[in-house]
Amino acid sequence: MDLIKAIIIAIVEGLTEYLPISSTAHMGFTANLLGLQDDEFLKMFQVSIQFGAILSVVVAYWKKFFDLNNIKFYYKLGFAVIPALVLGYIFDDKIEAVLGNQIAISSVLVLGGIVLLFADRWFKNPRIDDEKGITVRNAITIGFWQCLAMMPGTSRSAASIIGGMAQGLTRKAAAEFSFFLAVPTMLAVTVYSVFLKTWGKETGNPQKGYEMILSSQDHITIFIVGNIVAFIVALIAIKAFIGMLNKYGFKPWGWYRIFVGIALLIYFYYFT
């Protein structure tokens with residue numbers, strides 16, 4: 001993977017991480033269309049550049065993240081992230097096995113799109129319009145909803161936003177809490193993938209993520225630039241998404257997922 005292709009994938013990550021359309025699916029499809037070999041460094045890169053995207057939330061909502069007088073905010077996120085940490089660790093190998101199955105991911109993209117078409121009808125009477133109204137119980141429940149995204153193609157953003165709306169949050173409040181929850185969730189995923197996870201066990205050349213990054217100057221450059229690009233693009237996408245979600249709801253994203261999912265099913269079934 002050269003730097004230009006890495007930048008393209010990072011742009012896709014930044015655009016899609018906080019949209020209900022699955023960043024994992026879009027990065028996988030982009031890598032396939034770019035003709036990239038599905039190797040261990042590519043898999044690790046696609047996970048690790050989410051670190052850049054999550055930093056954009058911290059910057060965009062820096063008053064919230066650095067408000068030490070609002071301790072409840074931190075422990076709500078702490079409780080909410082526990083389900084993903086536990087279940088993600090248990091099912092890590094199974095999740096990785098699905099990452100290369102583009103037919104399965106495309107199918108999930110379509111099914112998720114159908115769900116989004118009806119999401120606005122299901123939750124018409126929200127009671128909670130900001131983070132302060134979210135209880136610990138609400139937060140934990142949203143954390144379990146987020147775990148649905150362990151199936152690649154589902155979308156962490158979609159699962160946690162719908163989970164929030166199911167708990168009585170407005171679309172805006174649910175989207176913002178989904179952003180906040182992404183920070184500890186994706187930070188944990190990035191730390192695990194770079195420092196703890198052993199990649200390529202079945203290849204005979206097992207390596208930690210940081211070992212792959214440090215193995216060449218090109219890999220170091222790709223890793224750093226990829227995170228910077230993902231950060232900048234995600235920072236722009238966050239604000240745009242909140243405005244579009246408030247104005248149009250989920251239906252446009254549902255139709256988008258269905259259209260793209262069907263197109264990709266045709267492509268991967270007949271042309272690969």
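Worth a mention:
- Complete set of residues in segment 160-173 that are under 12 Å from Thr141 (Cβ atoms) and either out of contact with any strand residue (DSSP E or B) (no Cβ under 7 Å at 6 or more places or on another chain) or part of a helix (DSSP H, G or I) (or both): Ser160, Ile162, Gly163, Gly164, Met165, Ala166, Gln167
- Selected residue (only one of Leu19, Leu34 is in contact (Cβ under 8 Å) with a residue 12 or more places away in the chain, farther than 20 Å from Val189 by Cβ and in contact with a helix residue (DSSP H, G or I) (Cβ under 9 Å, 6 or more places away or on another chain)): Leu34
- Among (1) assigned to a helix (DSSP H, G or I); (2) exposed (fewer than 15 other Cβ atoms within 10 Å of the Cβ), the one test that Phe51 misses: (2)
- Unmet requirement for Ile140, which otherwise passes all of (1) surrounded by 22 or more Cβ atoms within 10 Å (Cβ to Cβ); (2) at pLDDT 90 or above: (1)
- Filtering segment 159-187 to residues that are among the small types (Gly, Ala, Ser) and either surrounded by 22 or more Cβ atoms within 10 Å (Cβ to Cβ) or at pLDDT below 90 (or both) leaves Ala159, Ser160, Gly163, Gly164, Ala173, Ala174, Ala175, Ser178, Ala182.
- Residues (touching a Ser or Thr at 6+ places or on another chain (Cβ under 7 Å) and part of a helix (DSSP H, G or I)) located in segment 1-18: Leu3, Ile8, Ile9, Val12, Glu13, Thr16
- Whenever a residue of segment 250-270 is at positive phi, it has no partner that is assigned to a helix (DSSP H, G or I) and surrounded by 18 or more Cβ atoms within 10 Å (Cβ to Cβ) lying with C-beta atoms less than 8 angstrom away and at least six residues away or across chains.
- Number of the condition not met by Pro126 [criteria: (1) in contact with a Leu (Cβ under 8 Å, 6 or more places away or on another chain); (2) under 24 Å from Leu15 (Cα atoms); (3) surrounded by fewer than 18 Cβ atoms within 10 Å (Cβ to Cβ); (4) not small (Gly, Ala, Ser)]: (2)
- Failed item in (1) crowded, with 17+ Cβ neighbours inside 10 Å; (2) at pLDDT below 90; (3) more than 22 Å from Leu19 (Cβ to Cβ), with Lys76 passing the rest: (2)
- Residue that is nearest to Gly14 (Cα to Cα) [pool: residues in segment 236-272 that are surrounded by 13 or more Cβ atoms within 10 Å (Cβ to Cβ) and of a type in the set (Lys, Arg)]: Arg257
- Meets criteria (within 14 Å of the chain's Cα centre (by Cα) and touching a residue at least 24 places away in the same chain (Cβ under 8 Å)) for Leu77: no
- Note on segment 88-159: enclosed helices (runs of 4 or more DSSP H) holding 1 or more residues that are touching a helix residue (DSSP H, G or I) at 6+ places or on another chain (Cβ under 6 Å) and without any contact (Cβ under 8 Å) to a residue 40 or more places away in the chain are 136-146.
- Scanning segment 22-37 for residues that are part of a helix (DSSP H, G or I), at pLDDT below 85 and farther than 15 Å from Asn101 by Cβ yields a count of 0.
- Out of Val189, Val183, Val225, one residue alone is touching a Gly at 6+ places or on another chain (Cβ under 9 Å) and assigned to a helix (DSSP H, G or I). It is Val189.
- For Val58, the conditions (1) within 23 Å of Tyr256 (Cβ to Cβ); (2) of a type in the set (A, V, I, L, M); (3) in a helix (DSSP H, G or I) all hold with the exception of (1).
- Any hit, segment 223-243, residues being charged (D, E, K, R) and over 21 Å from the mean Cα position of the chain (by Cα): no
The values are calculated or read from the model by the stated rules, or taken from the named source; none is laboratory data. For clarity, every value in this text was computed on a predicted model and none was experimentally measured. Heads up, the Cβs are rebuilt from the backbone with ideal geometry, glycines too, and the neighbour counts pull from every protein chain shown.
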